[in-house]
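What follows is a single structure, written as structure tokens, with notes after it.
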Amino acid sequence: SYQAQAMDGKAAYIIKKLFDAFKDTPEQLPDTAICSFSIFAGLGLPYCREQALGAIQGNKRILHRCIADYIGGMTDQFAYDEFDRLYGTRI
């Protein structure tokens, strides 16, 4: 139906914009996502947020995986709320 296709397009747009925001500014990621980056990067736990963010510069592939995992774990409502928090607008 038209409504279902419209919602699919809106969801794809929001997911892409969230991914781009976190990719361009990883500092916006919450500690849980930074923690998962630390594990993938071999920094272990406990981690230093600044150390993990510094390590991101050389590990874009791992960063992208962590962002995808973070977004993949979001509910629809949480994704809408994050989009609103990052971009200050509801679509």
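Determine the order of Arg85, Arg61, Arg49 by accessible area, beginning with the largest, at a probe radius of 1.4 Å. Let's see the in-between values first.
Details: Arg85 135, Arg61 185, Arg49 60 Å².
If we order Arg85, Arg61, Arg49 from most to least accessible, we get Arg61, Arg85, Arg49.
Going highest first, how would you order 62-73, 24-35 by mean Cβ packing within 10 Å?
Result, highest mean Cβ count within 10 Å first: 62-73, 24-35.
Which aspartates and glutamates, if any, have their Cα less than 19 Å from the Cα of Lys17, not counting same-chain residues under 8 positions apart?
Asp8, Glu27, Asp69, Asp76, Asp81, Glu82, Asp84
The values are calculated or read from the model by the stated rules, or taken from the named source; none is laboratory data. Computed from a prediction, not measured in an experiment: that's the story for all the values here. Neighbour counts are summed over all protein chains in view; Cβ atoms, including those assigned to glycine, are modelled from backbone coordinates with ideal geometry. Each accessible area value is taken on the protein alone, full model and side chains, heavy atoms only, with ligands, DNA and RNA left out. Shrake-Rupley method; radii C 1.70, N 1.55, O 1.52, S 1.80 Å.
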